[in-house]
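Derivation of every value follows stated rules applied to the coordinates shown; laboratory data play no part. For clarity, every value in this text was computed on a predicted model and none was experimentally measured. A quick note on method: Cβ atoms are made from the backbone with ideal geometry, for glycine too, and the neighbour counts reach across all protein chains shown.
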Amino acid sequence: MSQWLQQVIDRGQAIDDWLSPVRAQALETLRHTDWPNRRVEAWKYTSLAPLEQLELSKNDTATAPHIPAIDGLNSLDLVFVNGQLQSDINALPLPQGLHISSLREASTQQQAAATTLFAKIKPERHLFGLVNDALVKDGVLIDIDAGIKIERPIRIVNLSSDGQESHHRILVRLGKDAEATVIEQGQGEQASLSTGFAEYEIGEQANLEHYRLAMHTHQAIHIGGCHFSLKQQARLNSTLIGYGSQLSRVDVDIIHSGEHAKAKFNAIYLLGESEHFDLHSTIEHAVPNGTTEENARGIVGDKAKAVFNGRIHIHRDAQKTLAELNNRNLLLSRRGQINTKPELEIYADDVQCAHGATVAEIEEDTLYYLRSRGISRSQALVMLNFGFIQELVNQMPNQALAHWLQPQLKARFVEMEVK
């Protein structure tokens with residue numbers, strides 16, 4: 001067994017709270033789990049060596065910093081620092097039909113609901129979901145009543161400070177005909193570790209607009225994911241923005257469990273220096289008449305490494321499914337590396353499905369044209385890079401968030417420029 005995994009088991013056994021049954025089950029599974037290596041297909045291109053070498057502080061500190069608001073967003077903000085909720089939920093102006101509670105202070109009824117949602121992430125697919133189960137101390141449970149439309153976005157910010165670790169959980173349930181926007185914003189400083197997982201249960205005819213902003217620094221390690229379950233006629237529009245770090249892995253699962261559900265998933269990942277980003281997505285069409293559209297675009301500079309594995313699984317009964325999966329990449333440096341593997345696994349006859357992947361370089365003729373117009377090389381690269389992802393940014397329904405992201409992304413391009 002990995003030394004790091006043994007440390008997880010030892011620390012998990014020392015935590016005593018109402019989540020102990022969930023934790024005990026996770027620990028028992030971890031005891032019989034092999035540590036991933038390059039011979040395991042899901043980890044073929046991603047080494048966990050940086051995690052084994054990471055040195056974390058034994059002092060569990062959590063101080064709530066000031067989180068700047070995003071202009072025009074008008075969000076309801078929940079702030080985690082090193083996995084502990086710092087926000088006073090009672091002070092939030094929650095509209096009728098929106099219920100939010102911390103996992104640490106959940107009532108008996110809320111604990112039962114949370115335990116059900118914890119079971120959504122499958123241990124055979126998500127080793128670090130088990131790690132999160134074993135070490136989670138806090139999280140948030142969000143319940144939205146049937147027929148309720150939440151006008152203000154719910155922004156969940158998780159900050160991991162230098163030398164600290166964060167193992168939080170986000171559990172969200174939308175009742176029938178409910179509507180909401182949820183923004184997960186993660187930022188890790190220097191040598192920090194976060195394993196943030198989120199589970200979303202989208203009820204019949206409900207509509208979820210979702211964003212996950214994994215904007216960690218170069219030395220941070222982030223391993224987490226999202227699980228979405230869509231009931232009949234449910235709607236999901238999700239966007240992932242991922243920065244590279246010394247190790248970043250995100251798993252996204254979308255399960256069509258009700259007919260006529262629609263899912264749209266866009267992903268943008270931006271890597272520089274020697275950063276690493278690994279995105280694995282799995283779309284399960286288990287019932288007929290489902291629709292999925294997935295588009296992932298990545299820009300890789302310097303000695304960075306990107307991994308994309310997207311899989312759409314059409315079950316035998318999932319007739320009339322419409323599904324499309326595309327991955328496009330822009331390689332800025334010959335020293336960079338991109339491994340892409342889009343997959344379709346189809347067991348139904350009457351479906352319309354397509355998938356594809358490309359890796360391209362910036363055309364020197366285009367770069368020369370811009371420079372001949374008096375534009376510096378740095379500015380030209382920013383323009384070309386942003387043009388490559390702008391289509392997906394423009395598709396974001398929340399224009400305030402898209403407007404805020406544009407200068408953030410352009411600054412990121414400057415950081416990624418090959419020296």
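Kindly state which strands (runs of 3 or more DSSP E) lie completely within region 165-262 and contain at least 3 residues that are small (Gly, Ala, Ser) and either farther than 23 Å from MET416 by Cα or free of Cβ contacts under 8 Å to residues at least 60 places away in the same chain (or both).
179-188, 221-230
Among the residues of region 263-298, what is the count of those that are within 27 Å of MET215 (Cα to Cα), in a strand (DSSP E or B) and not β-branched (Val, Ile, Thr)?
The total comes to 20.
Say we look at region 228-250 and pick out the residues that are crowded, with 23+ Cβ neighbours inside 10 Å and within 9 Å of the chain's Cα centre (by Cα); which of these is nearest to ASP143 (Cα to Cα)?
THR239
Would you mind stating whether HIS355 is surrounded by 15 or more Cβ atoms within 10 Å (Cβ to Cβ), not in a helix (DSSP H, G or I) and not β-branched (Val, Ile, Thr)?
Taking the combined requirement at face value, the residue satisfies it.
Taking the condition touching a residue at least 24 places away in the same chain (Cβ under 8 Å), of a type in the set (A, V, I, L, M, F, W, C) and in a strand (DSSP E or B), does LEU130 pass?
No; evaluated as a whole, the condition is false for this residue.
Filter region 298-335 for residues that are small (Gly, Ala, Ser) and touching a residue at least 60 places away in the same chain (Cβ under 8 Å); which is nearest to TRP43 (Cα to Cα)?
ALA306
Answer yes if at least one residue in region 144-161 is in contact with a Lys or Arg (Cβ under 9 Å, 6 or more places away or on another chain) and either crowded, with 24+ Cβ neighbours inside 10 Å or within 26 Å of SER20 (Cα to Cα) (or both), and no otherwise.
yes
Which residues, taken from region 358-395, are basic (Lys, Arg) and assigned to a loop (DSSP other than H, G, I, E, B)?
ARG373
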